[in-house]
Structures are given as structure tokens and as C-alpha cells.
Amino acid sequence: MHCLVTGASGFIGRVLSSELVKSGHRVTGLFRNRANGPWTDHLLIDLGSQSIPDELLSGVDVIYHLAGIAHDIHGSKYNEADYQRINVQATIDLARQARLSGARHFIHFSSVKAVADPGENCVDESWDVWPADIYGRSKREAEEALLELHKAGDCTVTILRPTLVYGQGIKGNLAQMVNAIRSGYFPSLPETGNRRSLIHVLDLVDIAQHLALQPLAYGKTYIVSERVAYSTRRIYELMCSGLHKSVSKWTIPQSVLQGIARIGDSLESLTGKSFPVNSSILGKLFGSACYQSNLLRDEFNWQPARTLDGSIDEIVEERSP
């Protein structure tokens, strides 16, 4: 098949492109800035500002859409108009164009943030509460628009909602946590019993490739997650083990960290600058985000092949620039 991967130069996009090429597919990578990678050919296009010439989509069978603005935990880099333009409208425009160009299947990589945080509950695809933050709303609005296009016969769509993605070359919060532990600056966190769901990037791209060939997946939305959820303390312990660092027997009490976070909130209000520890970041550390892939298991008997425990060495491995 001829596959188009948008956001191909990102963490997930690179792995997906590589696995597609290994499977014998032609892969066109789409990204904003020039990059080397495993794709067969590439397009330099800024979705949201530029459209793809129709002739460049001719012959594409499957579109894997990963491009978009990621979740900004500090909430300061992007405004609502940015999220609407890139995460919503650019997605809709690409899906419409894909149909007109003859693409058979549009696989949209959304996020579990497209629904409201479930709190201490562990939820599956039946959890349908709308999110409150602008990132989550943009992902949900894009999903709803794609499903309407699907119902109208204008595009054949499958939506994936991955949980937190890990693997070799991770970025974002997990990478920052690894680097902080490696440098000796990460605090020894207490065990709070929170539950956070994750998925290995190879399991995510494996199921994405599988669903590309499954008519049963048309018009469906799937959570992609491991069955086991991890506490932040357990993630910390695994990372320490992978880095060959001892796990401290003492821990910083949660009440102390909450006090530091309140100081961070106050400093941010006074200076307008981000502080390394604030209530939002502490909430990410100690809050739960637990999800189950019940629909994938029911319809395809799917189980991820990898676990965080078994993958920790590749996660903490330092890579050359």
C-alpha cells in the first residue's frame, strides 16, 4: 500500500513510518521542517497554513494522521485559535481531501484527553464526558467532525485514543523524568496508589497497521492502553532500576510537595513565568489517568505485547543526537 504519515518526524510518526516500510509499504512522510527518516519520500507542508496539492495525494491508500499541537501542560504556548486551526480544521480539511483523492482509510491519532479526566476511576470507550481544557476540546471536536464525515460517506475513518506513549526515544514528561533521575535531581516520591495507563509505541503502531485493513474498525473509536496501570512511584522505581540507581528508602511527604507547589503557583502569579513545581505539575505526578482498551480486546482479541517493566532498559538508554 501507499501510506501517508502526517507528523512523520515525531516520536510516534518515525516508528510508524519505519514499521510500515519494514512491512513493504511505500511511505510518504509529511512534516513542517526538513528531516531525515525511514520514509520512502516526503512532503514539507505546514498543515493548518498550507494545503496538500491534490496530485500529491493521488494513489495514497491509507492516511495515518498524527500531525497537530500536543498537550501544553503549562497552557502558555498556544491559544484556542491555534488549537482550532491545526488540531480541528486542518484535520477536517485533510480528511475531505483524502476522500476526493481516493484514499481508502483515514486513521486519526487522537488522545485519551479527548474525554474528561476520569479521576480515580478506570474507564473504557464508554466514558464519554467532554473535556474542559482547550487541547482536549480540540481533539474531541476533530473526532466528532471526522465521525460526521464518515456517516455522510465523505471519508472512512478510524480513531485511536492512545494513553501515554513510551519506548526508545521517548519525549515529553517521561523523558524529563528519566533525565532528572539520571542527573540526581528528581525527588524520591511517596507511593500514593495512583494509576496511570501507558502504551508502548510499537504496540500502538502495530494495532494501527492492523486496523488499517479491518472494515470492522470503520467509524469506531478505540482506546489503546496496556491492561496494567502504574503508580508514579512504580514508574520512578523502574526508571531508577534501569539507570542502575538505588531507590531511596525515604520519601518526600506529599504534604511537603503540595506546599512547594503552592509556592510555585504564587511565584508564577507574581512573575508570569513558569515554575518547575506548581499545582498543575503536581497533579500530573500524583493524579490518576487510568484507561482500558475494552473495545479492541472485544472486537479483535487484542493484547499489547510489551510492558513498561520489560521495556525500561530501552527507555532510559541515552541516544546520540
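The values are calculated or read from the model by the stated rules, or taken from the named source; none is laboratory data. The model shown is predicted, which means the values in this text are computed figures rather than measured ones. Here Cβ is always computed from backbone atoms with ideal geometry, including for glycine, and neighbour counts include all displayed protein chains. Ligands, DNA and RNA are stripped out before the accessible areas are found, and what is left, the full protein with its side chains, is counted by its heavy atoms. Shrake-Rupley method; radii C 1.70, N 1.55, O 1.52, S 1.80 Å.
Under 5 Å from the amide H of ALA289 lie the amide H atoms of ARG195, ARG196, SER197, each residue being 5 or more positions distant or on a separate chain, with H modelled from the backbone and absent for Pro and chain starts. Entry note, the range 145-300: relative contact order of 30 percent, from Cα contacts under 8 Å with a spacing of 6+ residues. Here the Gaussian network model covers the chain, with springs between Cα atoms less than 10 Å apart; of SER288, SER110, SER246, SER246 fluctuates the most. Note on the chain: dipole from Cβ charges, positive end direction compared against GLY310, TRP39, GLY219; the farthest Cα belongs to GLY310. Quick check on the chain: of the DSSP beta bridges with both residues there, what percent are antiparallel, nearest 5%? Expressed as a percentage, antiparallel bridges in the chain total about 5.
Only protein heavy atoms count here; under a 1.4 Å probe, VAL129 has an accessible surface of about 70 Å². Taking trypsin sites (Lys or Arg not before Pro) across the range 289-321, the ones in a DSSP loop with at most 14 further Cβ atoms lying within 10 angstrom of their Cβ are ARG319. At a Cβ-Cβ separation cutoff of 4.7 angstrom, cysteine residues of the chain with no neighbouring cysteine are CYS3, CYS155, CYS240. Rolling a 1.4 Å probe over the protein heavy atoms leaves LYS77 with an accessible area of roughly 150 Å².
I'd like to compare 21-34, 270-283: which one has the highest average count of other Cβ atoms within 10 Å, and what's the full order after that? Mind dumping the intermediate values first?
On the way: 21-34: 16.1, 270-283: 13.6.
Highest to lowest by the protection proxy: 21-34, 270-283.
What is the antiparallel percent of DSSP beta bridges lying wholly in the range 1-146, to the nearest 5?
Values: 0 of 18 bridges.
Counting only bridges with both partners in the range 1-146, antiparallel ones make up about 0 percent.
Using a Gaussian network model of the chain in which every pair of alpha carbons under 10 angstrom is joined by a spring, one finds that among ALA90, ALA180, ALA67 the greatest mean-square fluctuation is at ALA180.
With Rg and the Kirkwood Rh both taken from Cα atoms, where does Rg over Rh land for the range 105-246? Here Rg/Rh amounts to 1.03.
In summary, the aspartates and glutamates within cross-link reach of LYS273, defined as a Cα separation below 17 angstrom excluding same-chain residues under 8 places away, comprise ASP72, ASP265. Relative to the 2.2 N^0.38 Å rule of thumb, the range 1-83 has a C-alpha radius of gyration ratio of 1.15. Checked against a 28 Å cut-off, the cross-linked pairs LYS139/LYS245; LYS113/LYS249; LYS139/LYS171 give Cα-Cα distances beyond that limit for LYS139/LYS245; LYS113/LYS249. Share of carbon and sulfur in the accessible area of the chain stands at 50%, probe radius 1.4 Å.
Within a Cβ distance under 11 Å of LEU164, other residues only, what is the Lys/Arg minus Asp/Glu net charge? Write down the numbers at each step before the final one.
Details: positive: LYS113, ARG196, LYS284; negative: GLU226.
Here the count lands on +2.
When the Cα convex hull of the range 199-321 is projected onto planes of every orientation, the mean area is 11.5 nm².
When nucleic acids and ligands are ignored and a 1.4 Å probe is applied, SER188 ends up with an accessible area of around 0 Å².
Report, as a whole number in µm² per second, the diffusion coefficient that Stokes-Einstein gives for the range 22-150 at 20 °C and 1.002 mPa s using the Kirkwood radius over alpha carbon pairs. It would help to have the intermediate numbers written out before the result.
Working: Rh = 16.0 Å.
Diffusion coefficient, whole number: 134 µm²/s.
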